[in-house]
Amino acid sequence: MAIFAVSYRYSDDVAARDTHRPEHREFLAQCEGLLLSGPLTDPAGALLLVAADSAEQVEQRLDGDPFRREGVIVERVVRSYDPVLGSLADAVAAHR
């Protein structure tokens, strides 16, 4: 199993984010392999770390995100990630 960093860039529609955030967070809480998730600023978006067998598997798992369905996510990038240093590196790497 590999680790993937997923970046989301959100639309400027703050009202849509606020409306769909509870469902979005509930979806992510149930997402298989999700290790970390949290918002970014400038531009608004999020960073997720996901354990999966492939980037395609990550994309399939995240396709049902309510933010995606509602057009809140305007860009999603999935990249392979290899944590080596830092206080969480060992914990994240344990999911490989």
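The values are calculated or read from the model by the stated rules, or taken from the named source; none is laboratory data. Please read all numbers here as calculations on a predicted model, not as lab measurements. Note: ideal-geometry Cβ built from the backbone for every residue, glycine included; neighbour counts use all protein chains shown.
Check whether at least one residue in region 57-71 is surrounded by fewer than 17 Cβ atoms within 10 Å (Cβ to Cβ) and among the aliphatic types (A, V, I, L, M), and report yes or no.
No; the residues of region 57-71 include none that is surrounded by fewer than 17 Cβ atoms within 10 Å (Cβ to Cβ) and among the aliphatic types (A, V, I, L, M).
Quick one: in region 8-37, of everything that is of a type in the set (Ser, Thr, Tyr) and surrounded by 15 or more Cβ atoms within 10 Å (Cβ to Cβ), which residue is farthest from Ala89 (Cα to Cα)? Steps first, please.
Residues of region 8-37 that are of a type in the set (Ser, Thr, Tyr), as a first pass: 8, 10-11, 19, 37.
Applying the additional criterion that residues be surrounded by 15 or more Cβ atoms within 10 Å (Cβ to Cβ) yields 8, 10-11, 37.
Working: Tyr8: 22, Tyr10: 27, Ser11: 31, Ser37: 15 Å.
The qualifying residue farthest from Ala89 (Cα to Cα) is Ser11.
Search region 59-72 for residues that are free of Cβ contacts under 8 Å to residues at least 40 places away in the same chain and on the phi < 0 side of the Ramachandran plot and pair each with any residue that is β-branched (Val, Ile, Thr) and outside any loop (DSSP other than H, G, I, E, B) when their beta-carbon atoms are under 9 Å apart and the residues are at least 6 apart or on different chains.
Between residues of region 59-72 that are free of Cβ contacts under 8 Å to residues at least 40 places away in the same chain and on the phi < 0 side of the Ramachandran plot and residues that are β-branched (Val, Ile, Thr) and outside any loop (DSSP other than H, G, I, E, B), the close pairs are Glu59/Val6; Glu59/Val78; Arg61/Val50.
Of the numbered conditions (1) in a loop (DSSP other than H, G, I, E, B); (2) closer than 19 Å to Asp13 by Cβ; (3) within 12 Å of the chain's Cα centre (by Cα), Arg25 fails exactly one; give the number of that condition.
For Arg25, the exception is condition (1).
Quick check on my filter: what residues within region 64-89 are in a loop (DSSP other than H, G, I, E, B) and of a type outside the set (Asp, Glu)?
Within region 64-89, the subset in a loop (DSSP other than H, G, I, E, B) is 64-65, 70-72, 82-88.
Answer for region 64-89, where residues must be in a loop (DSSP other than H, G, I, E, B) and of a type outside the set (Asp, Glu): Gly64, Gly71, Val72, Pro83, Val84, Leu85, Gly86, Ser87, Leu88.
How many residues are modelled with pLDDT of 95 or more and touching a Leu at 6+ places or on another chain (Cβ under 8 Å) if we restrict to region 1-20?
Adding up the residues that qualify gives 5.
Only one of these conditions is not met by Leu48: (1) of a type outside the set (Asp, Glu); (2) touching a Ser or Thr at 6+ places or on another chain (Cβ under 9 Å); (3) over 16 Å from Asp13 (Cα atoms); (4) not in a strand (DSSP E or B). Which number is it?
The failed condition is (4).
I'm trying to understand the selection: among the residues of region 33-45, which are in contact with a strand residue (DSSP E or B) (Cβ under 8 Å, 6 or more places away or on another chain) and without any contact (Cβ under 8 Å) to a residue 40 or more places away in the chain? Working first, answer last.
Step one: filter region 33-45 for residues in contact with a strand residue (DSSP E or B) (Cβ under 8 Å, 6 or more places away or on another chain), giving 33-40, 43-45.
If the condition is that a residue be in contact with a strand residue (DSSP E or B) (Cβ under 8 Å, 6 or more places away or on another chain) and without any contact (Cβ under 8 Å) to a residue 40 or more places away in the chain, then Leu34, Ser37, Gly38, Pro39, Leu40, Pro43, Ala44, Gly45 are the ones that fit.
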